[in-house]
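Report on the structure given below.
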Amino acid sequence: MRALRGHQNKRRFYQRIEGLLDPAELASRKVVVVGVGSGGSRVAAELGRLGLQLLLIERPKERLEEHNIVRHVLGYESLGKRKLPETIAHIRKLNPSARLSAKPLDVVEDKSIFARCLARWRPDLIAVCTDNEQSKHAVNQIALSLGIPQVGAGVYDGGIGGEVYRVGPGQACYGCLAQHLQLQRYTPAELLSHDYNTSNAEQAPSPSALNLDIEQIALLQCRMALDMLFGNTSMFLALPPQVNLLVFANRVVPGTFERPLHAEFFSVPAEPDCLECGRCNGGIEGEASRILSALRTAEA
């Protein structure tokens, strides 16, 4: 496919969305997408299609397996290939002028490298698209230390629905939200196959869900991301600042979701005893200072 060349071609490319979002504003925003699995690949594809600058992060040597294909944006032509370069190639087919970077990285095992990467790249937002709690907490800790907003999501087992959360300045962090959700998780007990609320848990299995179940939640995560990036300039959600959790029912589940295709919004308060944001004046900010100091020294 021939790359877009010149202002006129780009203008034609974006002309159907210019009434909603300014292409120049889109191109000025930088988003890190952590995880390019079933949900993350869709988040990356939608944001890349719009022309945002993206840095995609996935564990090294993570490859597309045959059982992934039934619910991943990549198809059989990518079977056995590494997800990061294949996802970037897919996004370039959607928008040849997209500005994309990739970083093979395990955010749990290489937390300091991840922090340095964020400090150098200076994103406006992190899209947290991993499917286990350990990595979500690792991203949360580093994002807090560097003052970077987050939008994350999770699909409930069975694909019955999911949640989308956001963490902005002064809001409850993911640690606070996890404490809240541990008591009010919207998954029936008979469908639970893993404790998703333990921050030091082993890698969780990917939840059983259809492609359309995952895509529904991923698109809501994209809407939340655009809302955080552009606020009142977009017509996507325009949520009040205090709303930080969206729970969406994909279908009816008696005793859990009484209405299909229905969203509920919540304002979850910060937990004063949160082990992540509640101790920001201690280890987390100190860690950020060390990282930034080391980074300045290396660049000098």
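The values are calculated or read from the model by the stated rules, or taken from the named source; none is laboratory data. Predicted model, so just to flag it, every value in this text is computed and none were measured. All Cβ positions, even for glycine, are placed from backbone atoms using ideal geometry, and neighbour counts span all protein chains on display.
Worth pointing out:
- Only one of the numbered conditions (1) crowded, with 19+ Cβ neighbours inside 10 Å; (2) among the aliphatic types (A, V, I, L, M); (3) not in a strand (DSSP E or B) is not met by residue 113, and that is (1).
- Total residues in segment 271-300, condition within 30 Å of residue 216 (Cα to Cα) and either modelled with pLDDT of 95 or more or over 21 Å from the mean Cα position of the chain (by Cα) (or both): 1
- Neighbours by Cβ (under 6 Å, 6+ apart or cross-chain): first from segment 41-65, part of a strand (DSSP E or B) and modelled with pLDDT of 95 or more; second buried (at least 24 other Cβ atoms within 10 Å of the Cβ) and of a type outside the set (A, V, I, L, M): 54/48; 58/83
- Test result for residue 77, modelled with pLDDT of 95 or more, among the acidic types (Asp, Glu) and not in a loop (DSSP other than H, G, I, E, B): yes
Residue-wise test of (1) on the phi > 0 side of the Ramachandran plot; (2) at pLDDT 90 or above; (3) surrounded by fewer than 23 Cβ atoms within 10 Å (Cβ to Cβ); (4) not hydrophobic (A, V, I, L, M, F, W, C).
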residue	(1), (2), (3), (4)
166	no, yes, no, yes
171	no, yes, yes, yes
174	no, yes, no, yes
180	no, no, yes, yes
189	no, no, yes, no
203	no, no, yes, yes
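- Near pairs, Cβ below 7 angstrom, 6+ apart or cross-chain, from segment 209-226 (over 20 Å from residue 68 (Cβ atoms)) to any residue that is of a type in the set (D, E, K, R) and outside any loop (DSSP other than H, G, I, E, B): 222/46; 224/166
- Scope segment 205-250; condition farther than 27 Å from residue 175 by Cβ, modelled with pLDDT of 95 or more and not in a helix (DSSP H, G or I); matching residues: 210
- Sole residue being touching a Cys at 6+ places or on another chain (Cβ under 9 Å), closer than 20 Å to residue 210 by Cα and β-branched (Val, Ile, Thr), chosen from 36, 70: 36
- Neighbours by Cβ (under 8 Å, 6+ apart or cross-chain): first from segment 109-132, under 19 Å from residue 83 (Cα atoms) and aromatic (Phe, Trp, Tyr); second part of a strand (DSSP E or B) and at pLDDT 95 or above: 114/57
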